[in-house]
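See below for the structure under consideration.
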Amino acid sequence: MATCWQGLWAYRSYLIVLFLPIILLPLPILVPAKEAYCAYAIILMALFWCTEALPLAVTALFPVVLFPMMGIMDASEVCIEYLKDTNILFIGGLLMAIAVEHWNLHKRIALRVLLLVGVRPALLILGFMVVTAFLSMWISNTATTAMMVPIAHAVLEQLYSNPGDKSSKEGSQNPAFELQEPTAQKEGAQLDNGQVCPALPTASPPQAHRSQQQLRFTQGMSLCVCYSASIGGIATLTGTTPNLVLQGQINSLFPENGNVVNFASWFGFAFPTMIILLLLAWLWLQILFLGFNFRKNFGIGEEAREQEQAAFHVIQREHKLLGPMTFAEFAVTILFVTLVMLWFTREPGFFLGWGNLAFPNTKGESMLSDGTVAIFIGIVLFIVPSKFPGLTQDPENPRKLRAPPALLNWKTVNEKMPWNIVFLLGGGFALAKGSEESGLSTWLGDKLTPLQNVPPPAIAFILCLLVATFTECTSNVATTTLFLPILASMARAICLHPLYVMLPCTLAASLAFMLPVATPPNAIVFSFGGLKVSDMAKAGFLLNLIGVLVITLAINSWSKPIFSLDAFPFWAHIDNSTAHCLSNFVPNFTSPSPSP
């Protein structure tokens, strides 16, 4: 009997793929309407995403097959959804991130900041959190964590080494510090896109002489890296994929929104949220793993000075090994700063940007998008040489002269670009469009009208809790893809600004702090050892609640003037079902009342 169950478990993915579509068939058979057909497709894809019976990107391709067969959309209309402007922004942003990683600029930034912060316990945690969060704003959370965790463990090895150990005083090479190219894959570390995280160099086992207090500090250092990677990603539009899902869904569901969610508006809303959440996470981890002795936590006193100096020398030596900044690093830095400045000033909203002035359309809006800027800088990365222009000898053939390679080449991009996320994004946009075309969105909106009597802040808070819980077990991209179209329908039905519920739920999808499988940074940290699931769950549970409270504060305070959340927007009026909303005003987020 046990062998039978083992065999079924081994073939569980095949069984799910085979039987799940059959089990759900009564829905479209008993209710022969487009709404039911679209609901069948969404439920089927949601269950496949939750069970990961198929790769997430493969499941995202289902609308290409199902929607034309069910008469919901033409195939040509569905396929257009898979390469929208948001996908282009995703690709362009990653081109810059790949260049930063390729030339090790992120490691130089990290080590330099750690040298400034120092190695006193509380400040060391803060330093690692600030560096990790900043890097996660621009490059992938997974890559940031994979770089920062070995650095953290190397510093801790020196901090807790025997003072009489000659190697610790001399600051000898620490194998945990070295970032090696992954050559194998480690089971259990699942990426958001369904792939497996690359294996990382494992930290050396804890020394027998380490005290319980030292082991707790090691756990706190590990968790501070993965948590700050997830927190930092929410600050920028390209920081993590759910943010781009929101932008794409808004543009797809409300095409007349006037580019309300752009890089500048998102940064104004999410960056203060990230700062507050990061500081509160630092305080919580400090209390949980270092205790309430703040005098000791900040290194006030003469204890452990020798070990702290050894740990500081580790960071100092690794920074020196990088050498002076190369021409390539200078060039990538200049292009990176240029990209960010162009994003901020293209169409900021509170003044005319260069996009409005140089490339206006008939309405005075910028014809260029954030994706246009990202692709432009990405193309420049393939043009600018990585060394000062000149001719060098070919090492394989000394008689030949050759020019220096460009900052980026297609081989590097092809190896590091997560192309499956492009399909995953496209699948979400296709689902949103199919829900609208089939009438499922309108049907859902009608069923959710009783929520009009619930205060909007309570709605936002409850939805954030729901999404934060759901994202612990499911990919954050799949979570936002499934929830956002439903939330948009609900907001239109109760005359609430769609962004009032879509923005906080998008941020809540990044609050995956409790389980190792919740997000790749958690899996990477857990794979280094020294942590139990209970340790991560205990630290992450309260941090999830803190995150939901901070997001609720943000959506009810500084986000109001940024996105004009006080009134139902004209661009959300798509059909006659929302005609009454345009004459209603929602002062201070009370129940809607007709204007006199």
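The values are calculated or read from the model by the stated rules, or taken from the named source; none is laboratory data. All figures in this text were calculated on a predicted structure; none of them were measured in a lab. Note that each Cβ is placed from the backbone with ideal geometry, even for glycine, and that neighbours are counted across all protein chains shown. Protein only, heavy atoms only, side chains kept; ligands, DNA and RNA dropped before computing areas. Shrake-Rupley method; radii C 1.70, N 1.55, O 1.52, S 1.80 Å.
Every Cα-Cα pair in the stretch 405-462 was counted, and those over 17 Å apart are 67% of them. Highest mean packing comes first when the peptides 237-243, 89-95 are listed by Cβ atoms within 10 Å, giving 237-243, 89-95. Over the stretch 212-262, the hull volume per residue, using the convex hull of the C-alpha atoms, is 62 Å³. Fully extending the segment from A358 to S564, taken as 0.36 nm per residue of separation minus the present Cα-Cα distance, adds 71.5 nm. The convex hull drawn around the Cα atoms of the stretch 238-277, when projected onto a plane and averaged over every direction, covers 2.9 nm².
Among residues other than V422 with Cβ under 13 Å from its Cβ, the summed charge is -1 (Lys and Arg +1, Asp and Glu -1).
Modelled label positions at A458 and K411, each set 7 Å beyond Cα in the direction of Cβ, lie 6.2 nm from each other. Shown here are the Rg and Dmax of the Cα trace of the stretch 1-83, at 15.0, 50 Å. Distance between the 7 Å Cα→Cβ label points at K387 and Q316: 3.3 nm. Subtracting the Cα-Cα distance of L465 and L279 from 0.36 nm times their residue separation leaves 64.9 nm of extension gain. The peptide list 217-226, 431-440, put in order of mean Cβ contacts within 10 Å with the highest first, becomes 217-226, 431-440.
G71 sits among other residues whose Cβ lies under 14 Å from its own Cβ, and their net charge, with Lys and Arg +1 and Asp and Glu -1, is -3. What FRET efficiency comes out for V65 versus L515 if R0 is 45 angstrom and r is the Cβ-Cβ distance? Round to the nearest 0.05. Step by step, r from the Cβ atoms, then E = 0.85. Note on L83 and F327: the model spin-label points, each 7 Å out from Cα along the C-beta direction, lie 3.5 nm apart.
Annotation: amide H-H contacts under 5 Å for A406 (H modelled 1.01 Å from N, sequence separation of 5 or more, or interchain): S386.
The portion of the accessible surface of the stretch 404-469 made up by carbon and sulfur, rounded to a whole percent, is 66 (1.4 Å probe; DNA, RNA and ligands excluded). Near L322, once Lys and Arg are set to +1 and Asp and Glu to -1 for all other residues with Cβ below 12 Å from its Cβ, the sum equals +3. Taking N as the residue count of the stretch 43-158, its C-alpha radius of gyration divided by 2.2 N^0.38 Å amounts to 1.56.
Using the Cβ-Cβ distance between D74 and F376 with R0 set to 22 Å, the FRET efficiency works out to roughly 0.10. Estimated from the Cβ-Cβ distance and a Förster radius of 56 angstrom, the FRET efficiency linking A537 and A403 is about 0.55.
Within the stretch 36-76, the percentage of alpha carbon pairs spaced more than 11 angstrom apart rounds to 60%. For the listed residue pairs K107/K320; K416/K532; K84/K447; K433/K560, the alpha carbons are over 21 angstrom apart in K416/K532; K84/K447; K433/K560.
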